[in-house]
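The values are calculated or read from the model by the stated rules, or taken from the named source; none is laboratory data. In this text the structure is predicted, and so the values were computed from the model without any measurement. Backbone-built Cβ (ideal geometry, glycine too); neighbour counts: all protein chains shown. Note: accessible area is taken over every heavy atom of the protein model, side chains too, but ligands, DNA and RNA are not part of it. Shrake-Rupley method; radii C 1.70, N 1.55, O 1.52, S 1.80 Å.
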Amino acid sequence: MTNILVTGGAGYIGSHACKALKAAGYTPVTYDNLSTGWADAVKFGPFEQGELSDRDRLDQVFAAYQPAAVLHFAALSQVGEAMRIPEVYWHNNVLGSLTLMQAAVHAGCLKFVFSSTCATYGDQDNVVLDEDCDQHPINAYGASKRAIEDILRDFQRAYGLNNVIFRYFNVAGADPEAEVGEFHQPETHLIPLMLDAIDGKRDALTIFGTDWDTPDGTCIRDYVHVCDLVDAHILGLKWLEDEKDSRAFNLGTGTGFSVREVIDHSGAVTNRDVPILEGPRRPGDCTKLVSGSTRAETELGWMPKRSTMDQMIADAWRWHQTGHYEK
Ligand code: UFG
């Protein structure tokens, strides 16, 4: 079986990717430092614990498994934290990714799939966010991801490190079989926080700002199901196997939901009240992030299957009620 190195394979998206890789006939080799991931989430292939910045450890792992490609999920990804301690984002995300790319090139592993973000586009009102639009990140999280995209382009030119860049919009939902799911500690994301408020694990969900320039005053995001998102990664891998040119793709559905709309859907799907509070804006947030591109559909053949808001909430709710990890 073909080994694929999955950095961040113990995390939310990485663990779903490992499940999809195994189902597609690959062996996912998780490389993770467990700083935000969970050993319990590594269920579909071998686990190697290590830091992205540890070049010797990376060289060992590349030598031991001879992976055909890297899927690079490992990153710090909280906008609020990135506003408070930007140096940690530059160090961990940029230096870590640079070291990983150097190790991949050294090992002759020249297929690289990178998890980037719509946060690289920044807050661009009335601009259609397609892959060719300018990237003006407004927080260190988005800036660190844009920097890694730049390094990848340089490494492609200099060393032939062929790559697919995926710019995620807001990832939500969970494995329908609830083998893996979203579990951050601390949790900062809207849907899991709301499910906690719905079943009394926290008092209320605080809406971060009700005075944004949107129809109902709350921020608008484009939510995509984690299973659809990882399906795109399998297609990205095949794109590289077919020796197509390095390419960036947005992964979103093109439909925006405001925070209040997500709350309404959550109440309806769970048939429970959502206790809410109205709070101030969260620093680093953008008004609206919605994908304006269908490149992933037209060029990769990607077809989201579970990315309706109700399905994402239903799958997240099932996981929320049945699954969790232990340290
Ligand atoms: N929100 C609340 N209350 C909360 C949590 C979130 O109102 O308690 C709002 C946020 O202000 C935002 C929306 O819900 O408007 C979604 O927030 P999330 O924290 O769930 O996700 P982000 O929009 O911050 O996502 C951004 C980028 C993604 C990136 C992610 C990483 O858009 O690309 O940060 O955290 F992956």
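Those residues that are in a loop (DSSP other than H, G, I, E, B) and in contact with a strand residue (DSSP E or B) (Cβ under 8 Å, 6 or more places away or on another chain), I need them from the range 45-56; list them, please. Even if it seems obvious, please write down each step before you answer.
Of all residues in the range 45-56, those in a loop (DSSP other than H, G, I, E, B) come to 45-46, 50-54.
The answer is Gly45, Pro46, Gly50, Leu52.
What is the one condition in (1) of a type in the set (D, E, K, R); (2) free of Cβ contacts under 8 Å to residues at least 12 places away in the same chain; (3) touching a Lys or Arg at 6+ places or on another chain (Cβ under 8 Å) that Lys238 does not satisfy?
Evaluating Lys238 over (1) of a type in the set (D, E, K, R); (2) free of Cβ contacts under 8 Å to residues at least 12 places away in the same chain; (3) touching a Lys or Arg at 6+ places or on another chain (Cβ under 8 Å) leaves (3) as the failure.
Working only within the range 190-238, note down all residues that are more than 14 Å from the ligand (Cβ to nearest atom) and of a type in the set (Ser, Thr, Tyr).
If the condition is that a residue be more than 14 Å from the ligand (Cβ to nearest atom) and of a type in the set (Ser, Thr, Tyr), then no residue fits.
Out of the residues in the range 57-107 meeting the condition of being in a loop (DSSP other than H, G, I, E, B) and open to solvent by 50 Å² or more (accessible area, probe 1.4 Å), tell me which one is farthest from Ile165 (Cα to Cα).
So the residue we want is Ile85.
Only one of these conditions is not met by Cys286: (1) at pLDDT below 95; (2) within 13 Å of the ligand (Cβ to nearest atom); (3) open to solvent by 10 Å² or more (accessible area, probe 1.4 Å). Which number is it?
(3)
Inside the range 22-52, can you point out the residues that are closer than 15 Å to Gly11 by Cβ and of a type in the set (D, E, K, R)? So that I can check it myself, show each step before the final result.
If we filter the range 22-52 for residues that are closer than 15 Å to Gly11 by Cβ, which is where we start, we get 28-45, 47-52.
Asp32, Asp40, Lys43, Glu48, Glu51, listed by residue number.
When you go through (1) surrounded by 16 or more Cβ atoms within 10 Å (Cβ to Cβ); (2) within 15 Å of the ligand (Cβ to nearest atom); (3) assigned to a helix (DSSP H, G or I) one by one for Ser116, which number turns out not to apply?
It is condition (3) that Ser116 fails.
Being of a type in the set (Phe, Trp, Tyr), over 28 Å from Pro304 (Cα atoms) and touching a strand residue (DSSP E or B) at 6+ places or on another chain (Cβ under 9 Å), is that true of even one residue in the range 205-213? So that I can check it myself, show each step before the final result.
Filtering the range 205-213 down to residues of a type in the set (Phe, Trp, Tyr) leaves 208, 212.
Now restrict to residues that are over 28 Å from Pro304 (Cα atoms): 208, 212.
Pick out the ones that are also touching a strand residue (DSSP E or B) at 6+ places or on another chain (Cβ under 9 Å) and you get 208, 212.
The answer is yes, given that some residue of the range 205-213 is of a type in the set (Phe, Trp, Tyr), over 28 Å from Pro304 (Cα atoms) and touching a strand residue (DSSP E or B) at 6+ places or on another chain (Cβ under 9 Å).
Residue by residue through the range 188-230, note down the ones that are free of Cβ contacts under 8 Å to residues at least 60 places away in the same chain, surrounded by 21 or more Cβ atoms within 10 Å (Cβ to Cβ) and of a type in the set (Asp, Glu).
If the condition is that a residue be free of Cβ contacts under 8 Å to residues at least 60 places away in the same chain, surrounded by 21 or more Cβ atoms within 10 Å (Cβ to Cβ) and of a type in the set (Asp, Glu), then no residue fits.
What are the pairs, 6+ residues apart or on separate chains, where a residue within the range 115-130 that is over 16 Å from Lys145 (Cβ atoms) has its Cβ under 8 Å from a residue that is β-branched (Val, Ile, Thr)?
Within 8 Å, the pairs are Asp125/Thr287.
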